[in-house]
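A short worksheet on the structure shown next.
The values are calculated or read from the model by the stated rules, or taken from the named source; none is laboratory data. All values reported here derive from a predicted model rather than from experimental measurement. Please note: Cβ atoms are built from the backbone with ideal geometry, for glycine as well, and neighbour counts cover all protein chains shown.
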Amino acid sequence: EADIYQTPRYLVIGTGKKITLECSQTMGHDKMYWYQQDPGMELHLIHYSYGVNSTEKGDLSSESTVSRIRTEHFPLTLESARPSHTSQYLCASGTSGTDTQYFGPGTRLTVL
Amino acid sequence: LAKTTQPISMDSYEGQEVNITCSHNNIATNDYITWYQQFPSQGPRFIIQGYKTKVTNEVASLFIPADRKSSTLSLPRVSLSDTAVYYCLVGETWNSGYALNFGKGTSLLVTP
């Protein structure tokens, strides 16, 4: 099992606040991903990275931004949270080649 | 772009073998087929991956015919704890890299 961590696990925040969701992995994986998933619904890829200084937007438009300054760290930032951002955010990492992904426990975000 | 089609839901009784078939008619030569399992409020977990023929591990078997246009995940003797959503993924390229679409998955319900 890969070691991938997300903090916080749960976050309740007011509209307009800036938030950063943390994701770290200790496997040295080049690839990292952020997904958004509402309860009982599909996972939607919102950001991914192939390595340091590489970031791409996924197939779901998102107002969030990401950065990849270090291999092990892939934080996601919302500059101004809105109720529509309420969702579960899942971070994953993986190796090149076979695209196996290892997921973190997720952050459940609620914006009031 | 490879796209997958799998049943929305399946029901089974404990102790039975469950086979979930996924269609991927446009699979590319270099694509792998990967299956994930997801429990509510958790991130997906890698189950098995294959390229052709048959792959077996301690959890499941994956059968891939010669034309690779479909694959079947086989879960032997399911238990209640196998109730989950199962996703079939095929590696696909998007712009300069890989972006995986989890789709809706197959919701498996195992009952006593």
Q) Within the bounds of the stretch A:27-41, is there any residue that is modelled with pLDDT of 95 or more and of a type in the set (Gly, Ala, Ser)? A) no
(Q) Any residue at all in the stretch B:32-47 that's on the phi > 0 side of the Ramachandran plot, within 14 Å of another protein chain (Cβ to nearest Cβ) and at pLDDT below 95? (A) yes
Q: Give the residues of the stretch A:68-112 that are more than 14 Å from chain B (Cβ to nearest Cβ), of a type outside the set (A, V, I, L, M, F, W, C) and surrounded by 16 or more Cβ atoms within 10 Å (Cβ to Cβ), sorted by residue number.
A: A:Thr71, A:Glu72, A:Pro75, A:His85
Q. So which of A:Gln25, A:Gln36 ends up being under 16 Å from the mean Cα position of the chain (by Cα), in contact (Cβ under 8 Å) with a residue 60 or more places away in the chain and closer than 20 Å to A:Thr77 by Cβ?
A. A:Gln25
Q) Among (1) free of Cβ contacts under 8 Å to residues at least 12 places away in the same chain; (2) in contact with a Ser or Thr (Cβ under 9 Å, 6 or more places away or on another chain), where does B:Arg45 come up short? A) (2)
Q) Quick one: A:Glu63 ticks every box in (1) part of a strand (DSSP E or B); (2) more than 14 Å from chain B (Cβ to nearest Cβ); (3) out of contact with any Cys (no Cβ under 9 Å at 6 or more places or on another chain) bar one, so which box is it? A) (1)
Q.
Every residue in the stretch A:72-112 that is farther than 21 Å from B:Gln42 by Cβ and among the hydrophobic types (A, V, I, L, M, F, W, C), please.
A. A:Leu78, A:Ala81, A:Val111, A:Leu112
